[in-house]
1. Each label point is 7 Å from the Cα along the Cα-to-Cβ direction; what then is the distance between the points at R15 and N68, in nm?
2. Just in the stretch 37-77: which GluC sites (Glu not before Pro) are loop by DSSP and have at most 14 other Cβ atoms within 10 Å?
3. Work out how much length H53 to R75 would gain on full extension: take 0.36 nm times their residue separation and subtract the Cα-Cα distance, in nm to one decimal.
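FYI, it's all coordinate maths here, none of it is from the lab. Keep in mind the model is a prediction, meaning the values are calculated, not measured. All Cβ positions, glycine included, derive from the backbone under ideal geometry; neighbour counts span all protein chains shown.
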Amino acid sequence: MARVPHYKTNVSPYRVQVLDRALAALAILANNSSDCRLAELCPALKLHKSTVHRLMMVLEQHRLVVKNPETGRYRLG
């Protein structure tokens, strides 16, 4: 299993939480040398599995990430 570093966002009163989360997920995928499983993304994002799953579904719909149907791993689209 690839080691995925935690991603920190700057705390700002003007941030949009869902965008912070989406950009953090994309940054993790961009900085990882291999595809990531949902179970690897959750602790890195410090989010529950269902939240990360919904986030990845939306990113996949917009073709920003691709999910390998055989392995269930995500990579940038």
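1. Spacing of the two 7 Å Cα→Cβ label points: 3.1 nm.
2. In loop regions of the stretch 37-77 (DSSP not H, G, I, E or B), the sparsely surrounded GluC sites (Glu not before Pro) are E70.
3. Working it through step by step, the gained length comes to 6.5 nm.
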